[in-house]
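First up is the structure itself, then whatever we jot down about it.
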Amino acid sequence: MNYSLAMDSPFNTALLSPEGPGGKTANGQSEVEIGRVVWQSGRPGTAVVHGHEIFVNKSSFFSSSRTFTALNGQSYKWTFHEGSALMASNDSRQAPVATYTPATRSNPGLLHVTPHGLTITGDVILSFVCVEGERRHAVRKSLR
C-alpha cells in the first residue's frame with residue numbers, strides 16, 4: 001500500500017486512512033483520522049495512533065536510526081540513507097515493513113507499506129511522520 005505527503009512536509013500533515021466512516025476524499029473514499037503528532041521544537045512531543053501514545057527513540061547516542069514499539073508489542077527500527085528510509089522489525093529477521101522514497105521534481109515522496117506492515121499501518125505512518133519530521137528539522141538546523 002502506498003501513501004504520499006500531500007504537501008511534501010511531515011509538519012502540519014493530516015494523517016488519514018481511506019477506511020471507515022467520515023468525510024469523503026476526492027475519489028469518493030471515506031476518511032478516518034488515524035493519529036496526531038504534537039511537535040515541540042522540531043521534535044515529536046506526543047504521538048498518538050488509534051488512541052494510544054507511541055514513543056520513537058534514538059537507537060543509540062550517535063545513531064541516526066530510530067526505534068519504537070508498535071501497538072502489537074513488537075519493536076521496529078527506522079534507518080536512513082541519503083533521504084530514503086527503511087522500517088524493519090527490530091529482531092534477527094529484520095523483516096522489511098515500509099520504505100520511503102523522497103520526492104523528486106516529477107514524483108511525490110512515497111511511503112510504501114509492505115505486507116508485513118499492513119496490520120500496523122497506523123503505527124507505520126505515524127512513526128514515519130515523527131522520524132521524517134525530526135530528520136528534516138535536523139537538516140534545516142545544520143544549514144543555519
Inset, instruction - Please give the contour-minus-distance gain from THR101 to SER65: 0.36 nm per residue of separation, less the Cα-Cα distance, rounded to one decimal in nm. - result: 11.3 nm
Legend entry - Calculated Rg and Dmax of the stretch 55-134 using C-alpha coordinates, Å: 12.1, 38
Inset, instruction - Calculate one ³J(HN,Hα) per residue across the stretch 133-139 by plugging θ = phi - 60° into the Karplus curve 6.51 cos²θ - 1.76 cosθ + 1.60, and present them in order as whole Hz with x for glycine and proline. - result: x, 5, 5, 5, 4, 5, 5
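Summarise the accessible area of the stretch 86-144 (1.4 Å probe, protein heavy atoms) by the percent that is carbon and sulfur.
57 percent
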Inset, instruction - Return the distance in nm (one decimal) between the two label points of a simple spin-label model at LEU86 and SER142, each offset 7 Å from Cα along Cα→Cβ. - result: 2.0 nm
Legend entry - Debye intensity ratio I(q)/I(0), log10, the stretch 31-99, q values 0.15, 0.16, 0.18 Å⁻¹ (C-alpha model): -0.56, -0.64, -0.80
Inset, instruction - Could you pull the accessible area for THR79 with a 1.4 Å probe, rounded to 10 Å²? - result: 60 Å²
Inset, instruction - Write down the accessible area per residue of the stretch 29-117 in Å², having rolled a 1.4 Å probe over the full set of protein chains. - result: 60 Å²
Legend entry - Note, ³J(HN,Hα) from phi for the stretch 46-60, Karplus 6.51, -1.76, 1.60, rounded to Hz, x at Gly and Pro: 9, 10, 10, 10, 6, x, 10, 7, 10, 10, 9, 10, 5, 5, 8
Inset, instruction - For HIS50, tell me the accessible area in Å² from a 1.4 Å probe, rounded to the nearest 10. - result: 110 Å²
Legend entry - For TRP39, residues with placed amide H under 5 Å, excluding near neighbours: GLY45
Inset, instruction - Kindly report, to the nearest 10 Å², the accessible surface of LEU118 as traced by a 1.4 Å probe over protein heavy atoms only. - result: 90 Å²
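The values are calculated or read from the model by the stated rules, or taken from the named source; none is laboratory data. Note that the coordinates shown come from a computational prediction; the quantities given were computed from them, not determined experimentally. Neighbour counts are summed over all protein chains in view; Cβ atoms, including those assigned to glycine, are modelled from backbone coordinates with ideal geometry. Areas reflect the complete protein model, heavy atoms only, side chains present, ligands, DNA and RNA absent. Shrake-Rupley method; radii C 1.70, N 1.55, O 1.52, S 1.80 Å.
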